[in-house]
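Presented below is the structure to which this report refers.
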Amino acid sequence: MAIKPPPVTAYRLLIEYDGSRFQGWQRQGYKQTKEGVRTVAGSLEHVIHEAGLRLLYLGGAGRTDAGVHALGQVAHLHLEARNAPRPGELRRILDAALPQDIAIRDLRSCLPRFHARHDAVDRTYLYQISRRRSAFAKPWIWWVKRGLDRDRLAKAWSAFQGDHDVAAFADLDPEEDGRVRILSCETTQEGELLLLRVRATHFYRRLVRRMVGAAVACALGEEEPLRVLEDLRNPTEAANLYWGAKAAPSSGLFLEAVRYSGDPEPGPPRATIYLP
């Protein structure tokens, strides 16, 4: 006789976090905040477990890597309905116990069938490059010490827009084919920050950091934008190793937003910090 699953209460969360001290989003167990690897999902699960709630499932829209931040990570959370609190009470529990580098921006009830990753239409990442040294913003920028040619930066960055096989610019699992639709690649400047934004249907591991590294290499005159186009058309293992060594640091990268059916298109890129 099949065992009937327990009734579920489902929530949709909008989360921001400073990823500097996390090994990414993916959970590693309840006790990880005290021992072992510290992850964002693991920290959330730990608080829920300590509150005496029975966690059934927690899933995020984006699997951010170690050191990567989020302005708008979306997650779906399933608790056993028997003692599940109302959304307002659950948010108070999380706000009181989560570490200071995680904040809940919104928490509401949702249908159990909502899936933060599978239901997403697209995701947007923002990268911040600083043109000067900062005494305050080091964890959230990449300070490129040499002068950057903005025209070459924009040309290389825009080369990624379109339908591509990004195998030369990502760490792929065996079952992944590397195909992705990159919907837009934008560049702008805000004070001493150069902002690179990319929106795509999905992303592979290390993809955005290698894209940024490639654009910066072109802006520094170390590479030509044509090389980026060639490696998108004909990805090779040698190209993957080359661009892997050029990857931008995780400090400047933010998961900016996850969009679902009916959500508005994102506005122009805006810096998370401002360097006058």
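The values are calculated or read from the model by the stated rules, or taken from the named source; none is laboratory data. This one's a predicted model, so the numbers in the text were calculated from it and none came from an experiment. Note: ideal-geometry Cβ built from the backbone for every residue, glycine included; neighbour counts use all protein chains shown.
Tabulated data for the structure shown
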read-out	value
Cross-chain or 6+ apart pairs with Cβ under 9 Å, the range 88-104 first and within 17 Å of D18 (Cα to Cα), then loosely packed, with under 14 Cβ neighbours inside 10 Å	A97/E50; P99/R21; D101/R21; A103/D95; I104/D95
Residue match in the range 78-97 (condition: among the aliphatic types (A, V, I, L, M), part of a strand (DSSP E or B) and at pLDDT 95 or above)	yes
Flag for D163 being touching a residue at least 40 places away in the same chain (Cβ under 8 Å), farther than 20 Å from I273 by Cα and outside the structural domain of L71 (by TED's automatic domain parsing)	no
